[in-house]
């Protein structure tokens, strides 16, 4: 239901790795009508290849009844980009601004360039103005032959605001929402968590998120914001329509409208054109076309197309045209109080076609758990429910055995029943020698003898120590050999095998 209502923008991030198996943990998220992060799903992957990411996106589309997002925000991973182009080629792809700024600092090593690059990346301007500013910046810092600068310029339509303006991204420019979720999941997950615990802890984290969203929902439904602007009718209508957070953003646009003034108003055949200026900024002008027949507007800033709330220039036209409420064509369902109302839960027949054996097991367990609760209150009901359960279990067992016999004709006949479809992968060692290298990627130091410091043996097999012991033993027949500089128990500790962590 969340994806049906808010799945138009998808954030796809794989920077989180915290489990006992050292596997990438992918979070698929979006933005709810309260402007809060909502989790559509997650995936624990074996690797980060294009084939694996393709599988993730295909499973997501299959689980969400084929609905595809109109825009995706990623951290710029090459395999991820290839998977997006293969599965959802028509969506608009945006690269994370935070990762780009970090890469600029790493690849160019000029702090001033990083600052100018970040400002130009988020600058709202025309495409030709952006191209001129980029050429001037590259020339200023003499980066005409820098490979990273040349490569990132070829991808400018995926990160420059001048190229992305007018495409819906729900106010997201980076994957920081998902990375904020990573920090949030740290409360519930750690590197010692096993797979069966991992899923339960993940569900706990989602439950806490839903409690926070329910609190925000309750505040929206049971209180009314304070109206503070002169455009009281428009402000009140917005307060009735939008959630608290979206209303505060719209209220900010009303305040910005106070700086605007009409430069000219031109009457056309079927519409009127307004040109606005801004107080103390005479060079900044905006044009809005207003069509009174169907009460529609189009602003040159394209903020409504990018964020789907009316901009301050549209509000100025509403004031000039004496509109008492926001036109319904500029009220997007995803930002309203009833953002999920049109998204009904799918029927059980639709769900069952794509369910895995594990999910079906969980659904049936929940159904019979509820039945058991009601049947346990009376002896007669208990006996009847138990008899029916025995009969149904016997029937399902026969059906299962018949299917397995049919499958075993081309395979192994010794097939045991399996209640769950997911098993634990191999646990990765987190202590000692990880695959022949240290944790810093350096080769391990060779082991030396504790007596002669040579490589290849220990004190227990040291020939120099043995010969020294024999000489001292021959010199003192009355006293046993004792070297106070050596720890007689240290060899035993050194020779202990490195047992793996107890899986329990």
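Miscellaneous remarks
- Taking the stretch 67-83 as the range and being in contact with a strand residue (DSSP E or B) (Cβ under 7 Å, 6 or more places away or on another chain), closer than 20 Å to residue 3 by Cα and part of a loop (DSSP other than H, G, I, E, B) as the test, the residues that pass are 69, 70.
- Taken over the stretch 259-275, the criterion of being surrounded by 16 or more Cβ atoms within 10 Å (Cβ to Cβ) and within 42 Å of the chain's Cα centre (by Cα) is satisfied by 260, 274.
- Any chance residue 278 is surrounded by 13 or more Cβ atoms within 10 Å (Cβ to Cβ), under 23 Å from residue 332 (Cα atoms) and either touching a strand residue (DSSP E or B) at 6+ places or on another chain (Cβ under 6 Å) or outside the structural domain of residue 165 (by TED's automatic domain parsing) (or both): no
- In the stretch 84-98, the residues that are in a loop (DSSP other than H, G, I, E, B) and either on the phi > 0 side of the Ramachandran plot or in contact with a strand residue (DSSP E or B) (Cβ under 9 Å, 6 or more places away or on another chain) (or both): 88, 91, 96
- Only one of the numbered conditions (1) at pLDDT below 90; (2) closer than 30 Å to residue 335 by Cβ; (3) assigned to a loop (DSSP other than H, G, I, E, B) is violated by residue 101, and that is (3).
- Candidates 245, 219, filtered to the one that is assigned to a helix (DSSP H, G or I), more than 17 Å from residue 311 (Cβ to Cβ) and outside the structural domain of residue 315 (by TED's automatic domain parsing): 219
- Residue match in the stretch 176-184 (condition: touching a strand residue (DSSP E or B) at 6+ places or on another chain (Cβ under 6 Å), modelled with pLDDT under 90, within 24 Å of residue 31 (Cβ to Cβ) and assigned to a loop (DSSP other than H, G, I, E, B)): no
The values are calculated or read from the model by the stated rules, or taken from the named source; none is laboratory data. Note that the structure is a prediction, hence the values are computed from the model and not measured. Note: ideal-geometry Cβ built from the backbone for every residue, glycine included; neighbour counts use all protein chains shown.
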